[in-house]
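Remarks on the structure that follows.
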């Protein structure tokens, strides 16, 4: 049996575990806790313990204080919010694809014993591709957060403590899958 399928399944299951728990029930933790998505809330944990949140309308709150933003900044904040929410959804989808891939791999182990390996190999490849596709969506979401973060860091002084939450280390994650 190919070692890739179980490894991809494990990765996807860990992704689901990380997205489903961590900062409270039903929370998605991104960038080691720099961003926490819980329901409709997107919380930011920046430098020196700075706490902020972004809502769906593109409003930024630092502590309990609303920060004045212009239309372009509000648009960037909305993009940030939507991409963070998408990481949550795509993380769940990746985990589900991983669980499905593991089930296919287990079923196909029996087919290999019965010497029907070619069919099993094709099914494993398809299941693994579904995991990769779901994981690639997370990469795209993180790139969108990074783009919004960089723009906000350059144009909104109050956002500077949060401008380094997503770094460049995952910028090419989709290319490596």
Given the conditions (1) exposed (fewer than 15 other Cβ atoms within 10 Å of the Cβ); (2) modelled with pLDDT of 65 or more; (3) over 26 Å from residue 75 (Cα atoms), every one holds for residue 117 apart from (2)
Considering the stretch 129-152, residues that are modelled with pLDDT of 90 or more and surrounded by 21 or more Cβ atoms within 10 Å (Cβ to Cβ), and then whichever is nearest to residue 90 (Cα to Cα), we arrive at 141
Residue count, the stretch 51-79, condition surrounded by fewer than 18 Cβ atoms within 10 Å (Cβ to Cβ), in contact with a strand residue (DSSP E or B) (Cβ under 7 Å, 6 or more places away or on another chain) and part of a loop (DSSP other than H, G, I, E, B), comes to 2
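The values are calculated or read from the model by the stated rules, or taken from the named source; none is laboratory data. Nothing here was measured: the structure is a model prediction, and the numbers come from that model. So basically every Cβ, Gly included, is an ideal-geometry build from the backbone, and we count neighbours across all protein chains shown.
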